[in-house]
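The values are calculated or read from the model by the stated rules, or taken from the named source; none is laboratory data. These numbers were taken from a predicted model, which means no experiment stands behind them. Cβ placement follows ideal geometry from the backbone for every residue including glycine, while neighbour counts extend to all protein chains displayed. For accessibility, only protein heavy atoms count, side chains too; no ligands or nucleic acids. Shrake-Rupley method; radii C 1.70, N 1.55, O 1.52, S 1.80 Å.
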Amino acid sequence: MKKGLIMEGGAMRGIFTAGVTDVFMEKGIKFDGGVGTSAGAAFGCNYKSGQIGRALRYNKEYCADDRYVSTKELLKTGNLYSEDFCYKDIPLVLDKFDFEAFNENPMEFYITCTNIETGRAVHHKHDEKNDDLATFLEWVRASCAMPMLQQIVEIGGVKMLDGGVGDSVPLRFFEELGYDRNVVILTQPLGYKKKKIKYGLMAKAKYMKYPKLTKAMLDRHVRYNETYDYIREKELKGEIVVVRPPEPLNISVSHDKNEIQRVYDIGRREGLKALKRVTEFLEKE
């Protein structure tokens, strides 16, 4: 039996996931592996490093800082979220990511990105022998690189953007790896349906060299909704446990500490509600 934790992205909706995972860590819940897409990777990596509260702490501390996220940064560098501040200053200096603890934890960790030349998901398994901290942070940056709002990230000759385009909730990927006891954290409520993007022409113009990427962006809502249906079917059969917000979180890019705390607190409440289900599910023979 392999116990897996699958974490959806969703930009600042990922603070909900941070609330859930902090509760799980506080209660000592262990997983054999975790996979995160976008914010699911950026915040979920703290599970493997054991850093309870870190995602909430630095988001509240720097949410109103132009160096962290701002239209000024977007106009200046092409990145809504600062490359240097978010992926160097914070994890290396201001609120250090415990990379040593991360590597010592035997829990496998995968980061989902999208190859812009193929339009398909890339699931990168962290390798403590070959991936140094800078490389790890680049993979997280690639996973979080929202189309239109972040620059393309190239690692090992592969050009990548937001993992949500290729695989928003990589449950099937984990099942293919043999993970058969999975807990899925979603950031949208039950019944949510994604709609087709409204900026398709702009996307085609910006990424005209990458037609498979734009096709994946235009078709994303179809795959996303099918994945949500698949998750619901598995949930109803008792084959997975799902933790999701009870209603829309209504948060995007926020400079408001209170809003960030609100979404985190919802995550904590839902995490506490799910504890009995999760522990019984993971422990049953």
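Among S82, S70, S252, the residue with the largest mean-square fluctuation in a Gaussian network model of the chain, with springs joining Cα atoms closer than 10 Å, is S252. Computed from backbone phi, the HN-Hα couplings of the range 125-138 come to 8, 5, 10, 5, 7, 10, 9, 7, 4, 4, 5, 4, 5, 5 Hz, rounded to whole numbers (Karplus: 6.51 cos²θ - 1.76 cosθ + 1.60, θ = phi - 60°; Gly and Pro given as x).
Only protein atoms count toward the accessible area here, which uses a 1.4 Å probe; on the range 53-208, the carbon and sulfur part of that area reaches 51 percent.
Computed from the C-alpha gyration tensor, the three semi-axes of the ellipsoid equivalent to the range 215-261 are 27, 20, 7 Å, from longest to shortest. Of V93, V183, V243, the residue with the greatest mean-square motion in the GNM of the chain, using alpha carbon springs below 10 Å, is V93. Rolling a 1.4 Å probe across the protein heavy atoms gives the chain an accessible surface of 46 Å² per residue. Taking S38, S143, S49 as the candidate residues, the one with maximal mean-square fluctuation in a Gaussian network model of the chain, Cα springs under 10 Å, is S49. The distance separating the Cα centre of the range 184-216 from that of the range 233-268 comes to 21 Å.
Near L218, once Lys and Arg are set to +1 and Asp and Glu to -1 for all other residues with Cβ below 9 Å from its Cβ, the sum equals +3. Our coupling estimate for the range 94-99, obtained by passing each phi through the Karplus curve with A = 6.51, B = -1.76, C = 1.60 and θ = phi - 60°, is 6, 8, 4, 7, 7, 5 Hz, Gly and Pro reported as x.
Working note: Cα atoms of the chain, range along each principal axis, descending, whole Å: 52, 40, 40.
State the percentage of accessible surface on the range 5-51 attributable to carbon and sulfur atoms; use a 1.4 Å probe and exclude ligands, DNA and RNA.
Carbon and sulfur atoms account for 44 percent of the accessible area of the range 5-51.
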